[in-house]
Every structure is written in structure tokens, then in C-alpha cells.
Amino acid sequence: MHRGIAARGRAASPGVVSWAKGGLPQGKGGLRQGHQGMAFFQRWWAEQLPNIQAIVCKLVASGQIEFVNGGWCMHDEAAVHYIDMIDQTTLGHRMIKKQFNKTPSAGWQIDPFGHSAVQAYLLGAELGFNSLHFARIDYQDRERRKADKGLEVIWRGSRTFGSSAQIFTNVFPVNYSPPDGFGFEVLDEDIMPIQDDLQQFDNNVKERVNDFVAAAIAQANVTRTTHIMWTMGDDFSYQYAESWFRNMDKLIYHVNKDDRVHALYSTPSIYTDAKHASNESWPVKYDDYFPYADAKNAYWTGYYSSRPTFKRYVRVQSGYYLAARQIEFLLGRSSLGLFTTSLEDPMGIAQHHDAVSGTAKQHTTDDYSKRLALGASKVEKGVNIALTCLISSNRTCMSSVVKFSREKGDQFLLCPLLNISYCPSTEETISSAKNLAIVAYNPLGWDRSDFIRVPVNDENLVVKSSDGTIIDSQLVEVDSVSRKLAKFYVKAYLGIKTDKPPSCLANLKTSHYPINFDPISKVNLHNFPTILLGHNSTVYVATMVSPSNDMVEVGPGPLKMSFSLASGQLKRIFNSVSGVDLPVEQRFFWYRSNEGDTVDSQASGAYIFRPNVTKPTIASSSVPLKVIHGPLINEVHQQFNSWIYQLPPVMASSPSYRGTAAARRSVFIVPSLNPSFRSSVTRLYKNKEHAEVEYTIGPIPIDDDIGKEVITRLTTNMVTNGIFYTDSNGRDFIKRVPLKVIRGPLVDEVHQQFSSWIYQITRLYKNKEHAEVEYTIRNYREDWDLQVTQPVAGNYYPPHTFLSSNTLTFQVNLGVYIADGKYELSVLVDRAVGASSIQDGQLEIMLHRRILKDDSRGVGEPLDEVVCVDQDCQGLTDETSSKSYSVAKATMMDANYSLPDNVAIVTLQNLDDGTTLLRLAHLFQAGEDPVYSVVAKVDLKKVFGKRTIKELTETNLSANQKKSEMKKLNWRVVGAQKVVPPR
């Protein structure tokens, strides 16, 4: 019996019963039980008396209780970043190791809504798992796999590591429920208990055994070997566990007595061992399991973009958590202890597949946000003391007038609301005798040069570094949309009124050394009659421009963008360094949410994206345009309608700029949105080869009783032939390939995707002198044929941070890009979004959703977010966050050393056993880039230039076992028919 604890208040990890024809003895111990989510288990554990804990320890030691997955939660796989996946898994695994000295060996991702390639190799094989088990794959894919006995595969999710990071993957033939008739929840009206009392008239042992054998054989017919798994449980099950165990005990006894099949309590690891011992050959899987649909009009691609502000909040706290742990390390072991642990639990819970996904009820989402805010607040107190220590000349941590917090009266304040241009400490009038220090920290392993944007109300400021050197800066007027947002949301978040919203944003150009903090640098703003840049006589103040012709060119650096004065739309991107000269248009649209119809009642909702029509409504064909010029920054402000306003980052590059490292280069950035206005601001910086785009969208109007799903669309003349690239959890890029070759002894096939609508199969037969061509109108999946029912929603994917595409839609965590051999158009995002390329040379990104119907998948309420101030409630507005950095003179690393450009620091963290955990990540896949895809070397002595390394131990990804102790199973794979993986 396998039973875990999952979210939404339900026991969603089902039980497991294994059977085998004539073999696999039951062994000692009989009943077996498993647990998956450590967040809930730890809450239960803390309430138990020592004698109960001792019993549990014995059961774990004997294998009767097995921890599967073992993370803090069962994380999402679409909207979650790989660093957060690692962190929450590590938290759970180290708890299990500390308390029970066990290392989980099986992945149990039964409920996430689609599955990523990163989950397979990074959060599977690299953890030391031998198997991965889940339920949700596309309904068409499932039926095809059942027919081919291909539900269970060897998944090679990384084209870099190949078979060295493969994992046995078991997809359930139905959902994570038991077969029909074998659920034993006591309150279930359809429960059919086993009555084996011969004195009773309703004795049904023979009938129930026959039903069991029939169901077992039916499942055996769709998988390989004689071993199958039954997941005994479901949502909201085991409210009265006695009912389940009593009936399963009876079933096992009477089925084994019947002797046609053998049944036993089992676990995923026992099942995997039985499959491995069979020496069977298994099909190979290369790509991912996105997107997921459970019916023809039910594509679960809406949640890629649901609750965009919460997705952004999780991403921001993730970055803060990473930096705070580094600061904690820089401080060294102290009386503060491990002050960053206050964010461990809320960050771990936030990765749950119904949390960061945006698919929880509103009050539950509020609770996630509250926990994150409280955790961050506690960490800030530790960071404040650490900063005091690090900036003091003698590293004194006790008394200091300099503090860094939000508390009133402190000299320095953190500014968490910079995304709405609100920071009280920088907006105050600064007298000639007063300084304002802005402290920034570079958590990356490289030198970097960037801009800080801070709101100010005093135009008579000069910016200096800590050594008195004047720093280039420029004032830009705060737009009316941002001022309005600040006024409303400061009252909503903080309960206070802003008397005077900021009038300007000061843009400060700064440079920073890697892992920089010692000594900390300050940017001092003194009261001078003008803003001085470089020399005391130079003033940089942004000015409005009035172009004299029908096109206006914007950009103080090598990257230029041309806008039409007639339509206000972007028309062209030109880069004098790379030679890119690309016609491109960007517009906003919205899909009308389908509320169901007479043919199919399926509605669009938090999970499901079902537009009413395939052609969206344009926000505006003609856009008011405001152009601001300055020596450091140019801005283009666009008001697309009353609720969409833009300030975005865009970049076209030569192919050499592609890859995960492009995130650091800011290829195409789509920051945040606001659901109340539709506007856009585009910024181009001096000496930068990217543009920054900031959107404000909202509140999305619903007075017409129509749900709306807002997108931005980039259209180029690039010929991409249906090819596009999407990231997998911000880690790898997956090439969505229109060509597939299948070879066999009798027939060879070539599958080609000529567009998002046209699919062709060419067949050549043995001993035949002709070719057979079959073409159909359908969309494409790498290893199965998709029958198109939703041409828009069915082509959305989940990029996390980078988006690049040609013809399909996908989810983005890092980004997405399209390429045609000459140019590459890339999009970087600051949170998980849904995206696609519906037409060749086009990118489409969903930014915000407000829906009036529930999609009947478990949330039980519409996705209709509002924010209230007193009695004034408005639809949620989402806006891009500004980032700030500062000048520094020293670093933790040796002078003049930084990490290679293709290596990043993922984790630098003090652990509770006195050791330090360091994770480094290579940012490029094999063959992705001719320069950066090479093996990189890191000199750890120089990385820890001011520390002494006493001992080094290489571990698995979750740091719960030595790398040398990981035992991987070798699996046979099918060789007669081979699907060629993307290259």
C-alpha cells in the first residue's frame, strides 16, 4: 500500500498493489506504505510522541514505509524554475537523511499537468532515482501508448547526457485511481466491499476475485512484462483508512488463494526492481510530455499564465533567497545561525503543482503569498545584521547606526515595491548635508555592468560611487500609469496613502564584480543644483522628441528600433554590431474565453485554455506614441488601450547569442504586467544590445461579461519552417522539430511538419521502387500523431525564462526563440508564461488572464483576481519589476577572477552540519553553441579566494548521498525501431 500526503487538503498520492503471474514473493512485513510530501509529513511528525516516532523509524528501516519523491512537495513541472525544483527537493531529502538515514530512489510526480525533460534527467536520474511514475499525459498519447505497450519507457531527457542520465518512466494506464470497482472510501456510494463471511447471503468473494483478475489482465495487455501496478487511492481518500486496508487485505488473500495472479502490497522501488529483473527492452523517450490535454477541448495550457503576479512574486523571492544564502555564507558562521531557513518552507511549498501554477483558490494563493512575505521579512532581519557586519571596517556586528530594513526610522530601507516605482527612502527630499546610500549585491559569478532605476522627487541630485567618482545617470519622468498604480497599490499592500508619487526615475549606470560584497559599495546622492554625469558641468535629463518624418528611430547604443508615427507600432530592429536588420511588429490581442457550448460544456479556466475563436481581438491598430531621448536611455511609451500600457525589452541577435546564457545577455525580456491598463514602455540603453520592455496590463475589464486572455504577438518575415525552441524549466532548450525519421527492416518513414497545420509522412518500402506520400492537416508531436481539436490552445507550451519559436505554442520559464539561419529572435521573461508560434516567423506570449467561469478541474471558482482598497475593488494589475545594482570594489573571489561565461553559481549555502553546499551549472547544451558548449574549468581555490577549503565531497543533486555511492540501473532499449532525437 502506498499512500502519501499532497496539497489542496487531500491525500492524493495513491496506494500501490503489485501482482505477478506465479512470482515475486510477498516477503516479510506484509503491508507497505509510502509518503511523498515532506512538508505535511514533518508537521505530522512533530506532533507524535517518542514511542510513535520509534515505531515509524523501525518501519522505515524495514522498508515497510518508503519515502517516494521525498521533496518538500510534489512540485509543478511547467511554471517552476529548475533551481527552485532543486531547492525544495533538497530540503525534503536532507530531512529524510537526517531523521531516517534513507535516500529516496523513486520519483512520484503523479499529479502535475504535463512533465518536463528536466524532471526526467535532473530531478530524476541526477538525484539517484531509478524510476519516475506519473499519471497525466495527453489523452491521445496515452491511447497510442497503450496500443503499442509503450506507457513505460526509458526517458533520456538530456541530449547532453544521453543514456548516462536516463530513467525508467512509468505512465499509469488511467489516472492515479484504482481500477473501477476497487476504491474503498467508506463514504463512497459506489463502494463494493469484499464480503467473505460464508454465513452472509451477500458473500461476493468469487465475483470480486474474478473482477480483480479481469482488471489485472486488461492492464497487463497494455504494458510489458507480467508485472503491473495498481495505485490504490485518490483525491480526498483514506478519511477512514480501516476501510481500505481491510478490503485490500481480503483481496490479496483471496486472489492469491485463487492463484491465477499473485497480489502483494508493494512500493514503486519494488515494482521498478521487478521490471528491471525481467530484462525486457523498452522504448526510448527523448522530448517532454507537454502540452497535456484530457479531452479534445481541454488543453491544460491556461495555467502556464494563470496568476502572473504570483508567478512573478515566487521568482523574485527565489532570487532573493539565492542571494541571501550567499550573504549568509560571506558572513561566516556566527551567532545569527542559519537565518535564511525562514524562507525554506514557504519557498518549498510555493513550488507545489497547485501553487506556482496559479491553480489554487484565491484564499489559498493569498496564504502562499503571506507565508512568502513573512519568511522574507525574517530573512531580511538576518541580512540587515549581516550587512552591518560586512560594511564595518572591523566586521563588528553588534551596534551600528546603519541598518537595512523596512522598519520606520531606519536609515536604510529595502524597496520591495520598485515594480510600481515606490521607494520612500529615495523619494524623500535629500538635504545638502545628507547622503543616501544604495547598496547592491551581484550574486552571479561574472563581472557585470547594468543600470539601476530608483524613483526620486528631487531633480537636483548628483550620483557618486563610494570613492567619490561621479556615476553616469539620467532622469526620466515617471509615466502617469505608474503614478496611478503606485497610489492605489501602496494603499492596498501597505495601508498607507502616498502623498506625492515620484516624479522621476533616476537611472544609474553601474558595474559589479562577481559574488561581490567586501567591501560593500555605496552610491551617494548629494544635493546639487543639477545632476552631474562625468563632469560637474554635464547634465543628463531626458527630453521629449518630435520626429519630423513618418518614422522615428530610437536607441542611444548599437541597437535601434524604428516606430511608425502613423500607427505607433514597432516596425524594425537594427543592430550595428551584429548586422541584424529585421522587420518586426509587436501588437496586443486578447482571446475571448470560451464558457462552454451545446456541443461541449468545457470552459476556459485556471487550468484550461479554450478560446472562443482561433482569431484574437486586436487591442488597437493605432497606438499613441511618446518618445523620450537621453544619452543613456531612450524610452518609447505606448498606450494600446485603456488597460494596456507597455515599457518592454526586445532584441534580435545573430545565432551566436542564443542559449541559456542569453538570459544574462538579456536577449528579449518581457518583465511584468499589470491587469488594469494595457500599456507598454520600451527602453534601449547605451552600450546594450537588447531592449527592455515593461508592460502594464489591467484591470482587465469584465463589464461586458466576457473573460479575456491577453497576449502580445511579435511578427517577422523570418522563414522558420515550423521550427522553434523552448526552455525546459529555465534549464535546457528543446528544439521543436518538424522532421522525424523512423527506420525499420520493411519500411522507412520521414515525418515532416511544413507549418503548424500541414503534416506529411513519406514512406519507402523494401523491394519497392516507389515512395508513398501521406499528408494531413494536423499539428505535431515528437513521438506521436496529434489530431488537432484546439489549434491555438493545443500549441501552447510552458517556457520559464527564454522563449524562441517558429510555429507552435509553449510554456516559457526562461524564454523562447525562433531562428532562420540568418537571424534569431528571442524572448526572455521574468516569470513563467505560456507562449506559442501559431504562424511561421511569429511569437505569441500570453501575459494575463481574467476568466468568469470555472473549468471544472478542482479549483471550484473562476480565475478572477481583484485587489481592494476600502470598498474599491479592481481587477488585478500586473507590472514589470525594476532591478537595482551597485558599484563594488572587492569580491569573495580572487582579484581579476570570475567564472567562465558558460558556468553559473546555482547554490552557495551554509548547511546545518557545518559544511557548505556549492552547485555550479553549465549553461549550454552539447552542440548548442560552437564557443560556449565546450567543457569548462573552474578554479575553486580562486572562487573561495578568502577561505580555506578543507575537504571536497561530490554528491548527488540533492546532497543526500555521495556521487560515488549512487547506483544506477542499466536498462535495455528497443533497437529495431528508433526515433531520431533532435540535434
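Separation of the stretch 910-959 and the stretch 596-645 by C-alpha centroid, Å?
Centre-to-centre distance over Cα atoms comes out at 42 Å.
So which lysines pass the test for LYS381, namely a Cα distance under 19 Å, with those fewer than 8 places away in the same chain ruled out?
LYS370, LYS403, LYS408
So what's the gap between the Cα centers of the stretch 713-733 and the stretch 221-283, to the nearest angstrom?
43
In the stretch 249-383, carbon and sulfur make up what percent of the accessible area (probe 1.4 Å)? Walk me through the numbers on the way to the answer.
Working: 2290 of 4370 Å².
Carbon and sulfur together cover 52 percent of it.
If Lys and Arg each add +1 and Asp and Glu each add -1, what is the summed charge of the other residues whose beta carbon sits under 12 Å from the beta carbon of ALA165?
Working: positive: ARG156, ARG159, LYS968; negative: GLU126, ASP732.
Residues close to ALA165 contribute a combined charge of +1.
Per residue, how much accessible area does the stretch 892-983 have with a 1.4 Å probe, in Å²? Mind showing how you got there, number by number?
On the way: 5640 Å² over 92 residues.
Dividing the accessible area of the stretch 892-983 by its residue count gives 61 Å².
Calculate, for the stretch 561-619, the solvent-accessible area per residue in square angstrom, rolling a 1.4 angstrom probe over the heavy atoms of the protein chains. Please report the intermediate quantities before stating the final value.
Numbers: 2340 Å² over 59 residues.
Using a 1.4 Å probe on heavy atoms only, each residue of the stretch 561-619 averages 40 Å².
Find how much the distance from ASP148 to HIS363 grows on full extension, using 0.36 nm per residue of separation minus their present alpha carbon separation; answer in nm with one decimal. Don't jump to the answer; show the numbers that get you there.
Working: separation 215, 0.36 × 215 = 77.40 nm, distance 4.41 nm.
Between ASP148 and HIS363, full extension yields an extra 73.0 nm.
Could you please report the charge total around ASP366, scoring K, R as +1 and D, E as -1 over all other residues with beta-carbon less than 12 angstrom from its beta-carbon?
Values: positive: ARG307, LYS361, LYS370, ARG371; negative: ASP367, GLU865.
Residues close to ASP366 contribute a combined charge of +2.
Treat each spin label as a single point 7 Å out from the Cα along the C-beta direction, and report the ASN279 to ALA936 distance in nm.
Computed distance between label sites ASN279 and ALA936 equals 4.4 nm.
Using only the alpha carbons of the stretch 145-256, what is the convex hull's orientation-averaged projected area in square nanometres? If you can, show how the numbers build up before the last one.
Values: hull surface 37.1 nm².
Result: 9.3 nm².
Where Lys and Arg each count +1 and Asp and Glu each count -1, what net charge lies around GLY128 among other residues with Cβ under 12 Å from its Cβ? Don't jump to the answer; show the numbers that get you there.
Values: positive: LYS97, LYS102, LYS962, LYS963, LYS967, LYS968; negative: GLU126, GLU965.
That works out to +4.
Using only the Cα atoms of the stretch 895-965, what do you get for the radius of gyration and for Dmax, in Å?
When restricted to Cα atoms, the stretch 895-965 yields Rg and Dmax of 14.0, 41 Å.
Leaving out ligands and nucleic acids, and using a 1.4 Å probe, what accessible area per residue does the stretch 212-330 come to in Å²? Don't skip to the end; give the middle numbers.
On the way: 3740 Å² over 119 residues.
Ligands and nucleic acids excluded, the figure is 31 Å² per residue.
Which aspartates and glutamates, on any chain, are close to LYS500 with Cα under 19 Å apart, when same-chain ones fewer than 8 places away are left out?
Qualifying aspartates and glutamates at Cα under 19 Å: GLU427, GLU428, ASP458, GLU459, GLU477, ASP479.
In the stretch 893-937, carbon and sulfur make up what percent of the accessible area (probe 1.4 Å)? Don't skip to the end; give the middle numbers.
Values: 1120 of 2110 Å².
Within the stretch 893-937, the accessible surface is 53 percent carbon and sulfur.
Starting from the Cα of LYS686, draw a straight line to each of the aspartates and glutamates and keep only those under 13 Å, dropping any in the same chain fewer than 8 residues away.
ASP450, ASP472, GLU635
At 0.36 nm per residue, minus the direct Cα-Cα distance, what do TYR765 and VAL974 gain on full extension? Give it in nm, one decimal, please.
Details: separation 209, 0.36 × 209 = 75.24 nm, distance 2.11 nm.
Here the segment from TYR765 to VAL974 would lengthen by 73.1 nm.
Which pairs in the list LYS626/LYS708; LYS615/LYS688; LYS937/LYS963 are over 29 Å apart, alpha-carbon to alpha-carbon? Kindly include the intermediate steps, with their values, before the conclusion.
Details: LYS626/LYS708 27 Å; LYS615/LYS688 36 Å; LYS937/LYS963 19 Å.
Listed pairs above 29 Å: LYS615/LYS688.
So, in nm, how far is label CYS873 from label GLN839 when the simple model puts each one 7 Å beyond its Cα toward the Cβ?
4.0
How big is the charge dipole of the stretch 24-86 about its Cα centre, in debye rounded to the nearest 20, if each Lys and Arg gets +1 on its Cβ and each Asp and Glu gets -1 on its Cβ? Don't jump to the answer; show the numbers that get you there.
Values: 4 positive and 5 negative charges, 88 e Å.
In debye, rounded to 20, the stretch 24-86 gives about 420.
Starting from the Cα of ASP912, move 7 Å in the Cα-to-Cβ direction to define the label point; list residues of the stretch 338-379 whose amide nitrogen is under 12 Å from there.
Once the point is set 7 Å along Cα→Cβ of ASP912, 338-339, 341-342, 344-345 turn out to lie under 12 Å by backbone N, inside the stretch 338-379.
The values are calculated or read from the model by the stated rules, or taken from the named source; none is laboratory data. From a predicted model like this one, the values you see are computed outputs, not experimental measurements. No Cβ is skipped: glycine too gets one built from the backbone with ideal geometry, and neighbour counts run over all protein chains shown. Just so you know, the surface numbers come from the protein's heavy atoms only, side chains and all, with ligands and any DNA or RNA stripped out. Shrake-Rupley method; radii C 1.70, N 1.55, O 1.52, S 1.80 Å.
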